[in-house]
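So the structure is just underneath, and the comments pick up after that.
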Amino acid sequence: MTIEEITEYVTGLGGVLVLRPTEGSEAPEISWGDSFFYYAPNGVVPAGQPFATIVTKDYPGDETSDLNRPGSFRVNIAVSKTTFADAAAPTDASIEDTVVAHPVYAAANWLAVINPATATESTVRALLREAHDRARTRSERRATE
């Protein structure tokens, strides 16, 4: 899977706002080139975290995935506690095409996959769909409160 394929899939789920900070934006330089996916059918960034991200480089304190390798990226996905428990196998966070607990945000039930490909493509799609559904449900619940 490429970054473009993942982005196309996620935006096809509906109501998704993708933020891609670039040079000159108000976003911190470290985030330039990364993608942040929010459920926001009105086009306004909601309060809280995105439901998924794609990062293209190591962040300070998050170097175990070794994303500074050429061509590497990691898709990060917020899932339910049950899905996290079922999917997260303890493993080396730098292995490609393997679902792992996020090296920094595992406690918040985030999963991660470096360079998803044949072994994880269908799983990544299912996890992204779940994350989107959860974000949509939260958004709809907040709208009725």
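Any read-out appearing in this document is the output of simple, stated calculations on the displayed coordinates, not a laboratory observation. These numbers come from a predicted model, not from an experiment. FYI the Cβ positions are ideal-geometry reconstructions off the backbone, even for glycines, and counts take in every protein chain you see.
With each label modelled as a point 7 angstrom along the Cα→C-beta vector, the Thr118-Asp86 pair spans 2.6 nm.
Among Asp133, Asp86, a tally of other beta-carbon atoms within 10 Å of each Cβ gives an order, fewest to most, of Asp86, Asp133.
As a proxy for reagent exposure, ranking Phe36, Phe51 by other Cβ atoms within 10 Å from fewest up yields Phe36, Phe51.
Ranking Thr118, Thr98 by Cβ neighbours within 10 Å, fewest first, what do you get? All intermediate terms of the calculation are to be shown ahead of the outcome.
Working: Thr118 8, Thr98 19.
Fewest-to-most Cβ neighbours within 10 Å comes out as Thr118, Thr98.
One chain, two ends: Ile30 and Arg138. Fully extended at 0.36 nm per residue, the span grows by 36.0 nm beyond their Cα-Cα distance.
Mean residue ellipticity, 222 nm, helices only, the chain: the sum of -39500 (n - 2.57) across DSSP H runs of n ≥ 4, divided by residue count and rounded to 500, is -9000 deg cm²/dmol. Think of the chain as a dipole: +1 on every Lys or Arg Cβ, -1 on every Asp or Glu Cβ, centred on the Cα centre; then among Pro28, Tyr38, Thr120, Tyr38 lies furthest on the positive end. Applied to segment 75-87, the Karplus parametrisation 6.51 cos²θ - 1.76 cosθ + 1.60 on θ = phi - 60° returns per-residue 3J(HN,Hα) values of 8, 10, 9, 7, 10, 5, 4, 5, 4, 4, 4, 6, 9 Hz, with x for Gly and Pro.
Ordering Ala85, Tyr105, Ala47 by the projection of their Cα atoms onto the charge dipole of segment 3-144, which places +1 on the Cβ of Lys and Arg and -1 on the Cβ of Asp and Glu, puts Ala47 at the extreme positive end.
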